[in-house]
Every structure is written in C-alpha cells, then in structure tokens.
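Please read the structure below before turning to the comments.
The values are calculated or read from the model by the stated rules, or taken from the named source; none is laboratory data. Treat the numbers as computed from the prediction; the structure is a model and nothing was measured. Here the Cβ positions follow ideal geometry from the backbone for every residue, glycine too, while neighbour counts run over all protein chains shown.
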C-alpha cells in the first residue's frame, strides 16, 4: 500500500512543502491519492512531490500528477516532481507522455513531462 | 502495367537472391550472427510477400516454408549448421529456377518437395510440438495494399472511453502491442485533463496520436484494438507506403501533415505561410493550432523522415533502376558526340577563327565531362561477381573433397558493366582450374607441410585505365617439365627450344593444351585456357601466368575499364589511318632504310641493345606505294613480349570511340573495330594480339 508523508507543520499555508509518495500510484489508490495531492496543494504555495520511492505507477497516476500540476498553475502555485524513478520513467515513455515543450495549459512553462534540457 | 510490376519483382528477387547467397555463405562461417539471420529472414520474407502480390504463388508458397525455418532460427529455436545452409542454398537455387521459368510455374516440383521435406525435418526436430503452419507470420495470402512485405506508415488516433480503466483494460498494453508491430512513435495528448479538483481519478482522459511503420498490414493494427473497439474513438490511416518498387516522395512538410489531419485549413495555412518563418511556431502564435497539435505533427514528420532514411540506407547500393539498354543508348550517343566534337575542334583550328575556337574548346571540355560521367554510370563494383565465385568454390571443393577458402580483395573496384559480364566466364574457368589442378587434397597438403586448408585469392585493383585481376592459389604450382614435354609432343616447340618461364607458361593457353592426366568434370578437357585467353583478348585485355612449383600459381589478368571509348595512338600508312590501343604501346622508334638493310631481310631491330621483332604493316595489309625514307616502329608489349609495328607516320594520341564493323567485315583478321576521325574519315583499330598470332604462325 501507499504511504504518504508530508513535511512541515500542519495548519497555516507554508512556503514550501514536500509530499512523498511511496509504493503505488495506480488506479487502485487513485481516489486516495487524489485526496492527498489536493490536501497537500491546498496547504502550500510550492509543492514538491517526491517520487523516488515509487514502486508502481499507471496511466491514472500520470493523469493525477498532470492534473495536480494544472491545478497548481491555476492557483498560481509552484509544483514540481522530485527524485529519479525508473519505474516512473518507463511508464512515462510507454505512454508517450515525455515532451519537448509543455502543452497549451502550461502557462508557467513548468511542465512536469518536459525532459531535462542539456542545450540550455 | 502488371507486367512492369512483375518484371520489377523479378529484378528485385534476383537481387535479393544473390544477396541471400552471400548472407548464407557468411552465415556458415559465423552461425550465431543474428544480423545475418535477420537478413536471410527478411530476404525470404520479401520474396514471399511481393511474390504473392504479383501472382508468383508457387514461389510464395515455397519461400514461405524456408521463411518458417528461419523464423525458428531467428527465435533461437534452431541452430544454424551446415545441413541447414546446404538446404537453404538449394532452396535459393530452386527459387531462382522458378523465377527463370518465366512465370514461376512449372518448376521442378519434385525438387521443391524434397527441399521442403528436408527443411521440415530440421524444423520439426527443433519444435516437435508446433506444426509449421502455426509458426508462420500472418498475412501470406493477403494482396491488399499493406500486405506482408510492404512497409506502410499509419497514423493512428486512439481515444479510449472514459471508463476504460473500470473495464479492466490498461491502454499501455495496447500501446506496447503496437510497438511490437514496427517502428512506432507515441504521443500522448493531455489537453482534456481537468484540474485536480474536478478530475475523476478513475476515468481516462488521455488520448494518443501514434505513428507506426509496419509491414504487418492494417488488420494487424486493428487486431490490437479488437477488445476496445466499441468503447473508443479509433482511426487508422495509412499515410505513406514504403515499397521496394517505388521511390518514396519526400517526407511531408509539417504544414501538410496538419492539413491532412484537419487541424488546419488550407486557407489558414496559406496565410501563415505568407510570413516565411518557422511554420509551427507561427501557426501556434496565430492561435490556429495548439502546441500539442504541432508537437504531434512534428513527431509524425520526424517518424516519416526516419522511415525514409532507413529505406534510403537499405537502397544505398542501387537507387534507381534503369534498363541496361538505355544506358547503352546513352553511351552510344555520347560516342557520336565525341566524334562530332573532334570534327568541330579540327574545323575550328583550321578556320583560325578565335570565337569559334573558344566555343570549340568549351564544347570539348563539356564533352569530356559528359563522356566521363556517362561511362561512370555503367561502372559497377566487381564484387557482385566475386560473391558468385564464393558459391562456386564452396560447391566445387566439396565435390572434389578439397578444403578451399576463397578470399577476395578489392570487391569495390569498378568496371564497365559489359566488361564485368564478359569477364565472368573466363574467371570461372580460371578459378575452376585453380581448384581442380592447383590446390591439392588435404592429405597431400599436409604431407607437403602446408595447412590442410587451401586458399584461392581473388583480387581486383585499379591501375591507370585498366583493372588488374589476380587469381592466386597456394597449390602445387605448374609443372614446367610436364608443360615442356607436352608442348614438344604437340609440336608447339622444338625439343631444343630455349624458353623463358613466362613463355613456357604462355604455352598452356595454346588451343587443346592440357597436362591433366585424367579428365574430370571440373576441368582438364583442354578447352579451358585458350578460350580464356581469347575471351580476355576480346576485351582487349591480357593474361599472364607465373608459378612456383609447390608454392602456387598466380594468374594476372589486365582488363581495360571500358569497351566503348579507348585511348589510342593514331598512325598513318600511305593515305590510310589506323589505331593502336595506347595501353599496349611501349614506345616509338625510327626505322631507316639503313636499319632495314642491316638486318639482312630479318624483321628485327636493335633497341637499346636488345633485338625486337617487327611486322611491316604496309606489307601485311598490301598497301601500295613506297614507304617514306624514315619509317616509324610502334613497339607494343603483349603478354610480356615486345613486338614492333612499322608504320609511315605516328600522328598522336586520340580518344577513340569504338564502332563495331559491319557484318561483312566482322571476321577480318587483325582488325577489332573502327572509329571515325575528326575529318570524317574512318580509321581501323588494330587487333594487336591477333596480328601477332598470325605472324607467329607464318614463321613456323
């Protein structure tokens, strides 16, 4: 099962917060995961999601992360993914999610699927 | 039209078969090479696919069996061994004879059945549980566009229903299946994603644009989606066909792709195009398309570019197919042009008109370039012939119980197409000789302190305007004494004749000369070497033999690059003009009346303290009139022998376009052809080797 840990104190909004998602981010935890992402996002202006301990992810998980990023942008908040994860990278590639530029919703140019640029 | 395609198929199939042979022979040496196995499989697959498409059903059916076996090999279920290679080579020959049998019908069915039985036995041993039919790839009988063997690029739009997850289907698996069909680019479209607050976490919002290049056909793609078809938005459109027969047009421009997809109208595109900048960026900034649409289209463009590239690489060796006759016509026309140009230059220099001279010079330069590139088109690497010999050596040495390896060098050396064709038979003869007479049996080799394995080395290299081809073996070498004895017996030389090694070896090229004690099916009937010699001479080449007893024999064949145009030396006797191939000419010296008187009626002249025999051409051709006080001797070198030809006057070098003589003059001795000079007169081209032979016969 998944386990979510949030850093920082509860209560008032903080400048920066890290949400660590370990275990699975799949259809079976989809509802639960959405709640946690939503809660974490409400409590901060800058949310980092640590996926380094992710062991399983599927299309619904990718959708949730993308939606979370979208919500953050709409709320004027910052959202990014932390931690290299091979499982995640493979599913992202399989699903054809990786891209060179963000989509038209990506108003802050912070798309989470854009590959690291090496050419600057 | 159908016939054109059938012809194209045949040509392609022949090409594939010769490639197949090479691959198989290589495979025998490196049985684990997955690359080679793949190549064999693909060749079979293509022959089968296109064969059935153009109605060569027998071939398709037969090839299918072979392909089935190589599918097993490819999947590691069957190992490559000598037996398999043998059978496959037989199968290859069978396919070829089916092709030769004009319509692919009526081929020897028994042989086919035998080969298939042999292959099945091999395959059955590897996978006893599976009947061959199940192992075959699908779509043999399909002859629709996109049937097996033909690579088609499809654009697949796949938008699963919202509740697809609930149905227990993971779209990622479908994508994975698509990837297995061929080269695949997947672009996920995320624009329908709601925000976190609105999202139904168990619904599917994503849709995909997939660009897939596959030879498996449309149905194979549809099959992937068979379980979700009713519950998704799916379109599969072929966007490019990559056949072997048609040149692919350029890959599509980004705008065209967007247009085709209906993301943009023609008018919108035209408006954007009016401002020449990067189309994609502009279209986005205009708000006509979204970045996502552009991205997806860009992926498609890149994909097609790659598919295009891949095909080009595969066809690097032969990019367009042109009938050989058309090239011959082109070369003939260039020949005419060269002749006319020579006349133009001559006229211009006679007139002394500076303007005309300048034009003539320009024409001369262009003609020379045109001539070179026209001749270049007909140049082919000699390697295609070499690979045929590999098979020959393999089969022959097996038949004779010898272990012989053929090594080659300079396969990329280019020669005129017609020369290569005419060179084939003589080379086969020479190689047969090396295998039969040259290389010894393994036991004899070991006894002589040589490795069991004999080697025949075939090499080609450019040298000036000719190509040198060497055939070298490490066998027993020529027996000088046996040759001498035989030559004396045949009355070719007197028993006391002093001959250099070179002259002695040249004797084996005399008609009917063979020292082999018994006649084998391979060679030794004594019809070999003289035929070889004549064939090489007809190509205006020469042949030379050197050999060391016990160490091997080396045969050197020198062949001019092309038959159509040669450099030659223009000479005059009386009012007549003659040409001598410049490649044979060594030097020119003067012959005075005094010299003639001093030689006491023998046709010999002393050049740098060595005697050179000469042939007075005025006498030989019975040309009336008195020779000038100082004549010229053109000294030529043929098969290591220096012989002079006496002429009145040496005019100079000349680019000679060879015209064959009419039927009535074809067999005139000593003349190999004719050419037209700048002033419109005809000059005869001398057949030097034949003149020498005739002169030698007269002396005896």
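Surrounded by 14 or more Cβ atoms within 10 Å (Cβ to Cβ), at pLDDT below 90 and under 30 Å from residue B:211 (Cα atoms): does that describe residue A:85? Yes: the conditions hold for residue A:85.
Per the listing B:658, B:685, the residue uniquely modelled with pLDDT under 85, within 32 Å of the chain's Cα centre (by Cα) and within 30 Å of residue B:506 (Cα to Cα) is B:658.
For residue B:302, the conditions (1) assigned to a helix (DSSP H, G or I); (2) modelled with pLDDT under 80; (3) surrounded by 11 or more Cβ atoms within 10 Å (Cβ to Cβ); (4) away from chain A (no Cβ under 14 Å) are fulfilled apart from (4). Here residue B:152 fits the description: in contact with a strand residue (DSSP E or B) (Cβ under 6 Å, 6 or more places away or on another chain), crowded, with 22+ Cβ neighbours inside 10 Å and modelled with pLDDT of 80 or more.
Does residue B:84 count as outside any helix (DSSP H, G or I) and either modelled with pLDDT of 85 or more or in contact with a helix residue (DSSP H, G or I) (Cβ under 9 Å, 6 or more places away or on another chain) (or both)? So residue B:84 fails the test. Region B:596-700 holds strands (runs of 3 or more DSSP E) entirely within its bounds, and those carrying 1 or more residues that are without any contact (Cβ under 8 Å) to a residue 24 or more places away in the chain map to B:604-607, B:610-616, B:671-676.
Can we say residue B:583 is at pLDDT below 85 and either in contact with a helix residue (DSSP H, G or I) (Cβ under 8 Å, 6 or more places away or on another chain) or assigned to a helix (DSSP H, G or I) (or both)? First the steps, then the outcome.
On the way: at pLDDT below 85: yes; either in contact with a helix residue (DSSP H, G or I) (Cβ under 8 Å, 6 or more places away or on another chain) or assigned to a helix (DSSP H, G or I) (or both): yes.
The answer is yes for residue B:583.
Checked against the criterion of being in contact (Cβ under 8 Å) with a residue 12 or more places away in the chain, over 25 Å from residue B:208 (Cα atoms) and in contact with a helix residue (DSSP H, G or I) (Cβ under 8 Å, 6 or more places away or on another chain), region A:64-77 has at least one qualifying residue.
Identification of helices (runs of 4 or more DSSP H) wholly contained in region A:20-120 with 3 or more residues that are facing chain B (nearest Cβ under 9 Å) and in contact with a strand residue (DSSP E or B) (Cβ under 8 Å, 6 or more places away or on another chain) yields A:30-42, A:59-74. Mind checking whether some residue in region B:357-372 is at negative phi, touching a strand residue (DSSP E or B) at 6+ places or on another chain (Cβ under 7 Å) and in contact (Cβ under 8 Å) with a residue 24 or more places away in the chain? Looking for residues that are at negative phi, touching a strand residue (DSSP E or B) at 6+ places or on another chain (Cβ under 7 Å) and in contact (Cβ under 8 Å) with a residue 24 or more places away in the chain, one finds at least one in region B:357-372, hence yes.
I need the full set of residues from region B:173-210 which are part of a strand (DSSP E or B), free of Cβ contacts under 8 Å to residues at least 60 places away in the same chain, within 8 Å of chain A (Cβ to nearest Cβ) and farther than 30 Å from residue A:42 by Cα, in order please. Walk me through how you get there before you give the answer.
Going through region B:173-210, the residues part of a strand (DSSP E or B) turn out to be B:182-189, B:207-210.
Retained after the next criterion (residues that are free of Cβ contacts under 8 Å to residues at least 60 places away in the same chain): B:182, B:184, B:186, B:188, B:207-208, B:210.
Then drop every residue that is not within 8 Å of chain A (Cβ to nearest Cβ), which leaves B:186, B:188, B:208, B:210.
Matches in region B:173-210: B:186, B:208, B:210.
Looking at region B:470-486, which of its residues are touching a helix residue (DSSP H, G or I) at 6+ places or on another chain (Cβ under 7 Å) and crowded, with 17+ Cβ neighbours inside 10 Å? Passing the criteria: B:471, B:473, B:475, B:476, B:478, B:483, B:484.
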